[in-house]
1. Please enumerate the residues belonging to segment 200-213 that are out of contact with any strand residue (DSSP E or B) (no Cβ under 8 Å at 6 or more places or on another chain) and either loosely packed, with under 14 Cβ neighbours inside 10 Å or touching a residue at least 60 places away in the same chain (Cβ under 8 Å) (or both).
2. For segment 82-91, give me each residue that is exposed (fewer than 13 other Cβ atoms within 10 Å of the Cβ) and either assigned to a loop (DSSP other than H, G, I, E, B) or touching a residue at least 12 places away in the same chain (Cβ under 8 Å) (or both).
3. Identify all residues within segment 128-142 that are assigned to a strand (DSSP E or B), touching a helix residue (DSSP H, G or I) at 6+ places or on another chain (Cβ under 8 Å) and crowded, with 17+ Cβ neighbours inside 10 Å; write none if there are none.
4. Answer yes or no as to whether residue 197 is in contact with a strand residue (DSSP E or B) (Cβ under 6 Å, 6 or more places away or on another chain) and buried (at least 19 other Cβ atoms within 10 Å of the Cβ).
5. Looking at segment 143-152, can you tell me whether even one residue there is more than 20 Å from residue 204 (Cβ to Cβ) and either assigned to a helix (DSSP H, G or I) or in contact (Cβ under 8 Å) with a residue 24 or more places away in the chain (or both)?
6. Would you tally the residues in segment 122-157 being more than 14 Å from the chain's Cα centre (by Cα) and closer than 30 Å to residue 74 by Cα?
7. Name the residues in segment 165-179 that are outside any helix (DSSP H, G or I) and either buried (at least 17 other Cβ atoms within 10 Å of the Cβ) or modelled with pLDDT under 95 (or both), would you?
8. Name the single residue, out of those in segment 92-116 being under 17 Å from the mean Cα position of the chain (by Cα) and part of a strand (DSSP E or B), that is surrounded by the fewest Cβ atoms within 10 Å (Cβ to Cβ).
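The values are calculated or read from the model by the stated rules, or taken from the named source; none is laboratory data. Just so it is clear, the structure is predicted and the values come from calculations on it, not from any experiment. All Cβ positions, even for glycine, are placed from backbone atoms using ideal geometry, and neighbour counts span all protein chains on display.
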């Protein structure tokens with residue numbers, strides 16, 4: 001118990017010594033004088049603390065300035081999608097030029113919202129890829145060979161779209177929905193998966209099975 005008390009007393013004395021050194025350092029840098037030309041011990045200590053506090057505030061301000069200059073912006077990232085009406089019109093036009101007037105096409109960007117952690121407002125949207133949705137009406141969804149061959153044409157049309165013309169410069173997921181009178185076929189696959197399947201010669205039912213149906 002005595003050893004613990006001795007250690008506590010030693011630590012206390014070291015802290016007093018360090019505190020006094022800091023105060024003396026602050027006074028030596030400015031050397032102010034009282035109205036009588038001499039400083040009391042109280043004046044001496046108070047002035048030293050003023051110097052230290054002022055310098056501490058200046059350092060804190062500089063640190064904040066560096067963060068602003070670095071352009072760092074606080075963000076809480078959240079997965080999100082963003083409609084792309086102009087890109088949708090371009091892809092729709094490509095389908096119509098290929099003779100598929102009964103097909104509706106839409107595109108959306110997939111990525112992340114940068115949300116300010118304090119305000120909760122969306123600061124910006126970061127695009128990763130562009131997803132494409134295709135809606136096609138067919139007479140009967142049981143005619144899978146015919147539907148699979150239609151899908152080949154759709155994939156080839158998408159392949160001809162320059163990646164530079166779409167946000168993210170990457171074709172992401174493709175959703176192809178074939179709606180019949182009583183049922184529908186809903187496929188969801190990556191653009192590269194569909195293109196590779198077509199390049200490997202898959203057609204008709206074989207293509208539908210490879211892409212999930």
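1. Residues satisfying the conditions are 200, 201, 204, 205, 209.
2. 83
3. 129, 130, 132, 134, 136
4. Values: in contact with a strand residue (DSSP E or B) (Cβ under 6 Å, 6 or more places away or on another chain): no; buried (at least 19 other Cβ atoms within 10 Å of the Cβ): yes.
No.
5. Within segment 143-152 (the criterion being more than 20 Å from residue 204 (Cβ to Cβ) and either assigned to a helix (DSSP H, G or I) or in contact (Cβ under 8 Å) with a residue 24 or more places away in the chain (or both)), the answer is no, since none of the residues qualifies.
6. 2
7. The initial filter retains those residues of segment 165-179 that are outside any helix (DSSP H, G or I), namely 166, 170-179.
Once the filter is applied, which keeps residues that are outside any helix (DSSP H, G or I) and either buried (at least 17 other Cβ atoms within 10 Å of the Cβ) or modelled with pLDDT under 95 (or both), segment 165-179 yields 166, 170, 171, 172, 173, 174, 176, 178.
8. Within segment 92-116, the match that is surrounded by the fewest Cβ atoms within 10 Å (Cβ to Cβ) is 112.
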